[in-house]
Amino acid sequence: AIEAEAEADRVAAIEAEVEAERVAAETAENEATKVREEQHAAALKVQTAVRAYLGRMRGQEMRDAKVAEVKRLEDEEAVRVAQAEAERKAAEEAASAHKLAIEAEAEADRVAA
């Protein structure tokens, strides 16, 4: 009976040790799962932040491109205005030269007469 009781105590101790190891393994697995979930959540936060940053950069690039286009159009308009002004001045000078030529011809006619 003492041997049976000792054997029962030994079996109970082994079963308690096995249960303790099972609980420890389950706890470790739960902790590992929790860590993986936290890492995944952190990775999602980083991914979201990167996407937001890239979106802002893309938006800035678009704004920069619009500003550059407006500047290019303004430069083209400035060139057109300068060309028109140069053409107007050239036309005025041509008209003035034509007027002087007519006056010179009239003077020549008067002197000849």
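The values are calculated or read from the model by the stated rules, or taken from the named source; none is laboratory data. A quick note: this is a predicted structure, and the numbers were derived from the prediction, not measured. Please note: Cβ atoms are built from the backbone with ideal geometry, for glycine as well, and neighbour counts cover all protein chains shown. Just the protein is used for accessible areas: all its heavy atoms, side chains included, with ligands, DNA and RNA removed. Shrake-Rupley method; radii C 1.70, N 1.55, O 1.52, S 1.80 Å.
In sequence order, region 43-57 has phi-based couplings of 5, 5, 4, 5, 4, 5, 5, 5, 4, 5, 4, 4, x, 5, 5 Hz under the Karplus curve 6.51 cos²θ - 1.76 cosθ + 1.60, θ = phi - 60°, and Gly or Pro positions carry x.
Note that the chain presents 88 Å² accessible area per residue, ligands and nucleic acids not counted, probe 1.4 Å. With a point put 7 Å past each Cα toward its Cβ, work out how far Ala65 is from Val111 in nm, to one decimal. In this crude label model, Ala65 to Val111 measures out at 6.9 nm.
Taken over region 58-113, the alpha-carbon convex hull comes to 24 cubic angstrom per residue.
Rounded to two decimals, the Cα radius of gyration of region 14-74 over 2.2 N^0.38 Å is 2.49. With R₀ set to 25 Å, the beta-carbon distance separating Val79 from Ala52 gives a calculated FRET efficiency near 0.05.
Seen from Ala91, the other residues with C-beta closer than 13 Å to its C-beta sum to a net charge of -1, counting Lys and Arg as +1 and Asp and Glu as -1.
Go through [x] 76; [y] 63; [z] 83 and flag the label whose value is the computed percent of Cα pairs over 16 Å apart for this structure. Correct label, based on the coordinates given: [z].
Which FRET efficiency value, to the nearest 0.05, do you get for Lys45 and Glu15 by plugging their Cβ-Cβ distance into 1/(1 + (r/R0)^6) with R0 = 35 Å? Efficiency at R0 = 35 Å is approximately 0.20. Bridgeable lysines around Lys99 (alpha carbons under 23 Å apart, same-chain partners fewer than 8 residues away excluded): Lys89.
A straight Cα-to-Cα reach below 28 Å connects Lys34 with the lysines Lys45, residues fewer than 8 places away in its own chain not being considered.
Which of Arg22, Arg58, Arg72 moves most in a GNM of the chain, Cα contacts under 10 Å? Comparing Arg22, Arg58, Arg72 in the GNM, the peak value goes to Arg22.
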